[in-house]
Amino acid sequence: MASSRSRVVLLDTSILFSIFEKKLPLLDDVTLELGKVEFVIPESVINELKKLSEHSKGSKRRMAKAILEYIRNEGFQIVKSEDINDADRDLVLLARKMNAVVATVD
């Protein structure tokens, strides 16, 4: 009997940029591959995107702002970070804690 429980997928900054830059349906692809999933974004990734939207220049700045807007509009679940200042470390810690998969292009 299949479980109705969702698989948690943590999204990092690089995958979010990839979705926007390449205009690919990566989230749909992940859902097809893993089945029922819950996409989750750590506070550390939000923090990283905010910094990029405030301190980067040109297309990177615009892209970071667009991604933050996308996150708000789509209603992604934001989870409390284990390490707010280091998104990569935070993703590893949260993946272990939540038994989650990390979606990244790094």
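The values are calculated or read from the model by the stated rules, or taken from the named source; none is laboratory data. What you see is a predicted model; the values in this text were computed from it and never measured. For neighbour counting, all protein chains shown are included, and Cβ atoms are generated from backbone atoms with ideal geometry for every residue, glycine included.
Against the condition at pLDDT 85 or above and within 16 Å of the chain's Cα centre (by Cα), how does Ile19 come out, does it pass? Judged against the criteria, Ile19 is not a match. Out of the residues in region 57-105 meeting the condition of being exposed (fewer than 13 other Cβ atoms within 10 Å of the Cβ) and in contact (Cβ under 8 Å) with a residue 24 or more places away in the chain, tell me which one is nearest to the chain's Cα centre (by Cα). Residue satisfying both the conditions and the ranking: Gln77.
Scanning region 1-13 for residues that are crowded, with 16+ Cβ neighbours inside 10 Å and either assigned to a helix (DSSP H, G or I) or at pLDDT below 85 (or both) returns a single hit, Thr13.
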